[in-house]
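For reference, the structure discussed in these notes is given below.
The values are calculated or read from the model by the stated rules, or taken from the named source; none is laboratory data. Quick caveat: nothing in here was measured; it's all calculated off a predicted structure. Note that we place each Cβ from the backbone using ideal geometry, even for glycine, and neighbour counts take in every protein chain shown.
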Amino acid sequence: MNQAISACQFEADYDAYSGAVYRLAMVYLGRQADAEDVTQEVFLRLLHRAPAFADQDHEKRWLLQVTANLCRDQLRGFWRKRVTELEDSIPAAPPEELEALDAVFRLPEKYKLPIHLHYYEGYSVAEMAEILKLGQSAVKMRLKRGRELLKIELEGSI
């Protein structure tokens, strides 16, 4: 059942989860403006159509699942250019992580999403399977192949 949340709870949720939502949208979409739009839409949905959450982990998974769904919808949109340039500065990462994060952004989409969710957001394979709507074996394979591609990419830059 959907419920309305209080302004105080909404503000606390935004402070706690907006960074994770924004980072996931950046991984999907690659453009700051698009990631900001999706982040705004995710929190509007939280404000107006939030289900009853069992705990904070459930709430965060719901927010990331909504983010992933909105990003997929946007990428399928007829107006969306499939190839985009990333912004020069990515505000979500500290400077020492930019090289690794840049390498993650260059991965094919099906590998960068599991890598981001696992290593940057700390999700398990089972949780990622739920968020990405994939089987656990598919998530494991994408993590494995993504790590292999990252290793090749990062060793080539040394």
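Tally the residues that are surrounded by 14 or more Cβ atoms within 10 Å (Cβ to Cβ), in contact (Cβ under 8 Å) with a residue 12 or more places away in the chain and hydrophobic (A, V, I, L, M, F, W, C), restricting the search to the stretch 30-54.
Residues meeting the conditions: 7.
Does Phe53 satisfy the condition of being outside any helix (DSSP H, G or I) and either modelled with pLDDT of 90 or more or among the aromatic types (Phe, Trp, Tyr) (or both)?
yes
Return the pair list, or none, for Cβ contacts closer than 6 Å from residues in the stretch 99-114 that are among the charged types (D, E, K, R) to residues that are in a helix (DSSP H, G or I), at least 6 apart or on different chains.
Sorted first by the residue in the stretch 99-114, then by its partner, the pairs are Lys110/Arg142; Lys112/Val27; Lys112/Val104.
How do the pairs read when you match residues in the stretch 115-132 that are closer than 21 Å to Leu149 by Cβ and without any contact (Cβ under 8 Å) to a residue 40 or more places away in the chain with residues anywhere that are surrounded by fewer than 20 Cβ atoms within 10 Å (Cβ to Cβ) and among the aliphatic types (A, V, I, L, M), using Cβ under 8 Å and keeping only pairs 6 or more apart or on different chains?
Ile115/Leu143; Ile115/Leu150; His118/Val125; His118/Leu143; Val125/Leu143; Met128/Leu134; Ala129/Ala138
Results for (1) of a type outside the set (Asp, Glu); (2) outside any helix (DSSP H, G or I); (3) under 16 Å from His116 (Cα atoms), shown as yes or no for each residue.
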site: Cys8; (1), (2), (3): yes, no, no
site: Ala25; (1), (2), (3): yes, no, yes
site: Glu36; (1), (2), (3): no, no, no
site: Thr39; (1), (2), (3): yes, no, no
site: Leu47; (1), (2), (3): yes, no, no
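Restricted to the stretch 120-138, and to residues that are under 19 Å from Gly19 (Cβ atoms) and surrounded by 16 or more Cβ atoms within 10 Å (Cβ to Cβ), which residue is modelled with the lowest pLDDT?
Tyr120
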